[in-house]
Amino acid sequence: MTQNLYGSTSVSVLLNNYLQQHEQNHALPSNLTDVLNSISQACLHINEAVRAGALNNILGSAHTGNIQGEEQKKLDVLANQILIDTLSTQSAVAGLASEEEESFISTNQKGQYLVLFDPLDGSSNIDVNISIGTIFSILPKPAGELKTESFLQTGRHQVASGYVLYGPQTILVLTVKHGVAMFTLNQHNQFELTEENPSIPVQTTEFAINMSNQRHWQAPMQKYIAELLAGKIGIRGKDYNMRWVASMVAEVHRILIRGGIFTYPQDQRDPSKPGKLRLMYEANPMSLLIEQAQGKATNTQQNILDIQPNGLHQRVAVVLGSKEEVDYLTAKHQNC
Ligand code: AHM
Ligand code: MG
């Protein structure tokens, strides 16, 4: 029993208690618990760096680029190194893949899991104190020598996924494929269960898209957004609200809490780039969470979790959130 600052008392369930309950009730392997605890430990360190910001001279550019040709911020580089250092010492982890690393990293030969991550998603928000996050995906390691192909499993193969949102509160959200659990970092620097099994409303009146790309969108997306903007007098018969944080972790968190649709579509600028977001460590882990909360995620053609990957850093169009809205937008693409 704990008493919080405002005097209310409750029995607190910490991350490790939650995972141990799942070991008992759902035969969750204890070494998967170890991996999840390690990720949470790494994220505590990242959280400290994020919170200190300018006090630790940690804002701004690292003056380097990653494999995707994107500028790296100092915090991108630091968060990546913290995750690599922490997970390399975890015996259950056989290999790592990161947005910031060109190739996979081999860690412990006898490990049973592969961990893929975006160390600090929403990089453009780092220097302006807007929500950012760490996204992770855990896959089983196939038998045999570790190679890139070992990582190229569909999202359905994930055994767990989640994110840590560094926002007004620091929140860890995860799934071990028995619903979704949300933990808030408490005053003792422990992740404490604060919400279990959120269910995304099937209908919504809130959408998220970067409107500045409108002129590049393909015809179905143009039509869809025009319908939403027409509001009550249009074909959809209701007024829609719009949000764009430019931080996928914050957008997915909002959708898990109150529903909505988020999309980062493929557009007509570069046909070789099917969208901006990366399948293996952004779209797949988020799609698993969304599906575990009764939402849906597609690339406008098929369920994201069924896409057979062909590269560690492959990009994908993303539509996710409230099921009826995702189905509506997906159907619009298929009927064209
Ligand atoms: P990042 O991994 O380099 O931070 O890029 C991913 C982010 C997502 O969090 C967000 O949805 C999107 O990029 C925002 O893109 P834009 O700046 O084009 O709005
Ligand atoms: Mg990212």
remark   = Residue pairs qualifying under the 8 Å Cβ cut-off, at least six apart or on distinct chains, with the first in the stretch 216-238 being acidic (Asp, Glu) and the second being surrounded by 12 or more Cβ atoms within 10 Å (Cβ to Cβ), are 227/234; 227/236
remark   = Looking across the stretch 302-325 at residues that are of a type in the set (S, T, N, Q) and out of contact with any helix residue (DSSP H, G or I) (no Cβ under 7 Å at 6 or more places or on another chain), the single one that is farthest from residue 103 (Cα to Cα) is 322
query = How many residues are over 19 Å from residue 35 (Cβ atoms) and among the β-branched types (Val, Ile, Thr) if we restrict to the stretch 132-159?
reply = 3
note = In the stretch 192-216, anything within 16 Å of ligand 1 (Cβ to nearest atom) and among the charged types (D, E, K, R) is listed as 206, 215
ask   = How many of the residues making up the stretch 239-261 are surrounded by 17 or more Cβ atoms within 10 Å (Cβ to Cβ) and without any contact (Cβ under 8 Å) to a residue 60 or more places away in the chain?
value = 3
query = List the pairs whose first member sits in the stretch 10-22 and is hydrophobic (A, V, I, L, M, F, W, C), whose second member is at pLDDT 95 or above and in a loop (DSSP other than H, G, I, E, B), and whose Cβ atoms are under 8 Å apart, counting only residues at least 6 apart or on separate chains?
reply = 14/190; 15/190; 19/176
Selection within the stretch 295-321 - polar (S, T, N, Q) and either within 15 Å of residue 256 (Cβ to Cβ) or more than 14 Å from ligand 2 (Cβ to nearest atom) (or both) = 298, 299, 300, 301, 302, 303, 308, 310
query = Before we move on, is residue 203 of a type outside the set (Val, Ile, Thr) and not in a helix (DSSP H, G or I)?
reply = yes
request  = Kindly provide the set of residues from the stretch 167-212 that are touching a residue at least 60 places away in the same chain (Cβ under 8 Å) and of a type in the set (Ser, Thr, Tyr), ordered by number.
outcome  = 170, 175, 199, 204
ask   = Does the stretch 271-281 contain at least one residue that is more than 14 Å from ligand 1 (Cβ to nearest atom) and surrounded by fewer than 17 Cβ atoms within 10 Å (Cβ to Cβ)?
value = yes
request  = Return the residue satisfying two criteria in turn: it lies in the stretch 248-294 and is small (Gly, Ala, Ser) and within 14 Å of ligand 2 (Cβ to nearest atom), and of such residues it is nearest to the chain's Cα centre (by Cα).
outcome  = 283
message = I'd like to know if the stretch 244-252 contains one or more residues that are more than 15 Å from ligand 1 (Cβ to nearest atom), out of contact with any strand residue (DSSP E or B) (no Cβ under 8 Å at 6 or more places or on another chain) and either not in a helix (DSSP H, G or I) or not aromatic (Phe, Trp, Tyr) (or both).
response = no
task = Go through 325, 291, 282 for me and flag whichever is touching a strand residue (DSSP E or B) at 6+ places or on another chain (Cβ under 9 Å) and more than 23 Å from residue 134 (Cα to Cα).
result = 325
ask   = Since residue 236 meets every condition but one in (1) in contact with a Phe, Trp or Tyr (Cβ under 9 Å, 6 or more places away or on another chain); (2) buried (at least 19 other Cβ atoms within 10 Å of the Cβ); (3) part of a loop (DSSP other than H, G, I, E, B), which condition does it not meet?
value = (2)
Whichever residue in the stretch 101-131 is without any contact (Cβ under 8 Å) to a residue 24 or more places away in the chain and surrounded by 17 or more Cβ atoms within 10 Å (Cβ to Cβ) and, among such residues, is farthest from ligand 1 (Cβ to nearest atom) = 108
ask   = Restricting attention to the stretch 77-113, which residues are of a type in the set (Asp, Glu) and farther than 14 Å from residue 66 by Cα?
value = 85
ask   = Quick one: what pairs do we get from the stretch 275-286, first residue more than 17 Å from residue 164 (Cα to Cα), second of a type in the set (S, T, N, Q) and within 10 Å of ligand 1 (Cβ to nearest atom), C-beta under 9 Å, 6+ apart or different chains?
value = 276/210; 278/68
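The values are calculated or read from the model by the stated rules, or taken from the named source; none is laboratory data. Remember, it's a predicted structure, so these values are computed and weren't measured experimentally. With ideal geometry, Cβ positions are generated from the backbone for all residues, glycine too; neighbour counts draw on all protein chains shown.
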